[in-house]
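Worksheet: the structure to be examined is printed underneath.
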Amino acid sequence: MLRDLAARRRQLEEQVVQDRLDLATAVRDWREATAPIDRAWSQVMRYRGLIALGFGTMVARGSKTRRPTGGLRRWIRRGTMAYAIGRRLRAALRH
């Protein structure tokens, strides 16, 4: 009985070691397969401020279907946009 338990334990330990090796190999293969995606995502995150600035500018330019008639309102909007763009550029250049 004890001999059977010891043999079973050895068998299970060998199976655990083999499973760990298989898992390590699978993780390495997975990382190699997803490396280009990870690099691309890192680039997107590196330039996320500039991307947000670009999209924001496109949206701001595209949403001008109704122009304000008052000159003061126009200058306030331009000043606000310039301030926001400046903040985005400064934050993007700090990264």
> Given (i) -0.67; (ii) -0.55; (iii) -0.80 as candidate values of log10 I(q)/I(0) by the Debye sum over Cα atoms at q = 0.15 Å⁻¹, which corresponds to the one derived from the coordinates?
Replying inline: (iii)
>> Between A7 and R31, how high is the FRET efficiency from 1/(1 + (r/R0)^6) when r is the Cβ-Cβ distance and R₀ = 41 Å? Nearest 0.05.
In response: 0.65
> Which distance in nm do the two modelled labels at A60 and T80 give, with both placed 7 Å along the Cα-to-Cβ direction?
Replying inline: 1.1 nm
> Which is farthest toward the positive dipole end of the chain among L2, G86, M45, measuring Cα position about the Cα centre, with Cβ charges +1 (Lys, Arg) and -1 (Asp, Glu)?
Replying inline: G86
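FYI, it's all coordinate maths here, none of it is from the lab. Keep in mind it's a predicted model, so treat the numbers as computed, not measured. Here Cβ is always computed from backbone atoms with ideal geometry, including for glycine, and neighbour counts include all displayed protein chains.
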